[in-house]
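These notes concern the structure reproduced below.
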Amino acid sequence: MRNIKLFDSSVHKFVLLNESEPGEEEGIRSNQYLVVHGDNGVLLDPGGFGVMPSVLTELLRYIKTEQIKAIILSHQDPDIVGGLSTWLELTDAPVYVSSIWLRFLPHYGIASMAQFVGVPDAGKQCRFAEDFVLQLVPAHFLHSEGQINVYDPIAKVLFTGDIGAAMLPVDVEYEFVDDFAAHLPYIEGFHRRYMVSNKAARLWVDAVSALDIEMLAPQHGPVYRGRAVADFLNWFKTLQCGVDLMTRSGHFEMESRNAS
């Protein structure tokens, strides 16, 4: 999937630039998004080194690299940050990331941290133009200790990082989740294993439920829209996951379920 406009008006766009093909990043598909308002662009999770050329090609359909006003990283994983050093050769834009990961990022071959802005635990609002504001929403321990979501109040899209991520088989592809029950098998195992606890999930759902959301845009897999947004939030709020499932060190309740 490439170049899918989730929202498109005369002045504002929210675009899924690229979903990497299997093989570009060791078989893990990942989504990269661009928010455009007038002549200003904000790049969300630019991706690993292998997908950088295709992401740049799609981005240039909308803006020039000098019009990138910010790059926002949801967390520290290589499928998000791996290509960042190349992007920093093309733009002087600030890079927003949780403050707890600032010391980690130089290991990706980043020589200078001068462009980086640490996001506090409670999140923050970022104003890129008089009428262009994005809200950085905390999503701690889901699955990263310092994960950040991005809410676009114009498009009413919440970029959720790894929350809602789907691991689709290579022979299955669809752009949007309309039938949550049919989609559930592709997300359940990942969320039970990679999300830390029900408490973290429940507090996040309580927080984002106050936002006017029409789409949930994860970093992996299809975008949730319509009824699927509420269905996912209701499911995730009650999900037992991570430490909730631990029975003893190195063993999880879901292992016995899978064996039965």
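The values are calculated or read from the model by the stated rules, or taken from the named source; none is laboratory data. Since the model is a prediction, treat every value here as computed from it, not as a measurement. Here the Cβ positions follow ideal geometry from the backbone for every residue, glycine too, while neighbour counts run over all protein chains shown. Only protein heavy atoms, including side chains, enter the accessible area calculation; ligands, DNA and RNA are left aside. Shrake-Rupley method; radii C 1.70, N 1.55, O 1.52, S 1.80 Å.
Under the classification rounded if a/c is under 1.5, otherwise prolate if a/b is larger than b/c and oblate if not, where does the stretch 32-182 fall, given a ≥ b ≥ c as square roots of the Cα gyration tensor eigenvalues?
rounded
Under a 10 Å cutoff between Cα atoms, tell me which one of 55, 137, 170 has the largest fluctuation in the Gaussian network model of the chain.
Result: 170 has the largest fluctuation of those listed.
What number, in nm² with one decimal, is the all-direction average of the projected area of the convex hull of the alpha-carbon atoms of the stretch 113-224?
The orientation-averaged projected area of the Cα hull of the stretch 113-224 comes to 8.6 nm².
For the stretch 26-93, which trypsin sites (Lys or Arg not before Pro) pass both filters: DSSP loop (anything but H, G, I, E, B) and at most 16 other C-beta atoms within 10 Å?
Answer by residue number: 61, 64.
Mind jotting down the distance between the C-alpha centroids of the stretch 63-140 and the stretch 170-233, whole Å?
Taking the Cα centre of the stretch 63-140 as reference, the centre of the stretch 170-233 is 24 Å away.
What accessible area per residue comes out for the chain, rounded to a whole number of Å², with a 1.4 Å probe?
In whole numbers, the chain has 44 Å² accessible per residue.
When the chain is modelled as a GNM with alpha-carbon springs shorter than 10 Å, which of 117, 157, 95 fluctuates the most?
Between 117, 157, 95, it is 117 that shows the largest mean-square fluctuation.
With respect to the cross-link table entries 124/156; 13/237; 69/237; 5/199; 5/64, which display a Cα-Cα separation exceeding 27 Å?
13/237; 69/237; 5/199
Which longest uninterrupted range of the chain lacks any GluC sites (Glu not before Pro) assigned by DSSP to a loop state (not H, G, I, E or B) and surrounded by at most 16 other Cβ atoms within 10 Å?
The longest such stretch corresponds to 27-88.
Specify whether the C-alpha gyration tensor of the stretch 160-260 places it in the rounded, prolate or oblate class, a ≥ b ≥ c being the square roots of the eigenvalues: rounded for a/c under 1.5, otherwise prolate if a/b is larger than b/c and oblate if not.
oblate
Given N residues in the chain, what is Rg(Cα) / (2.2 N^0.38 Å)?
It is 0.97.
Over the stretch 136-192, with every protein chain in place, what whole percent of the accessible area is carbon and sulfur at 1.4 Å, could you tell me?
That fraction is 58 percent.
Relative contact order for the stretch 93-143 using alpha-carbon pairs under 8 Å, separation at least 6, rounded to a whole percent?
32 percent
If you take every DSSP beta bridge fully contained in the chain, what fraction is antiparallel? Give it as a percent rounded to 5.
Of the beta bridges lying entirely in the chain, close to 70 percent run antiparallel.
Loop-only trypsin sites (Lys or Arg not before Pro) in the stretch 90-127, please: DSSP not H, G, I, E or B, and at most 11 other Cβ atoms within 10 Å.
Taking the stretch 90-127 and a limit of 11 other Cβ atoms within 10 Å, the loop trypsin sites (Lys or Arg not before Pro) found are 103.
Based on the Cα atoms of the stretch 199-245, what semi-axes does the equivalent ellipsoid have, where each is the square root of 5 times one gyration tensor eigenvalue, given in whole Å with the largest first?
Three semi-axes, in Å: 19, 13, 9.
Once you sort the root eigenvalues of the Cα gyration tensor of the stretch 122-165 as a ≥ b ≥ c, which label holds: rounded (a/c under 1.5), prolate (a/b larger than b/c) or oblate (the other case)?
Oblate shape, in that a/c is at least 1.5 and b/c is the bigger or equal ratio.
List the extent of the Cα atoms of the stretch 83-157 along each of their three principal axes, largest first, rounded to whole Å.
That works out to 35, 30, 18 Å along the principal axes.
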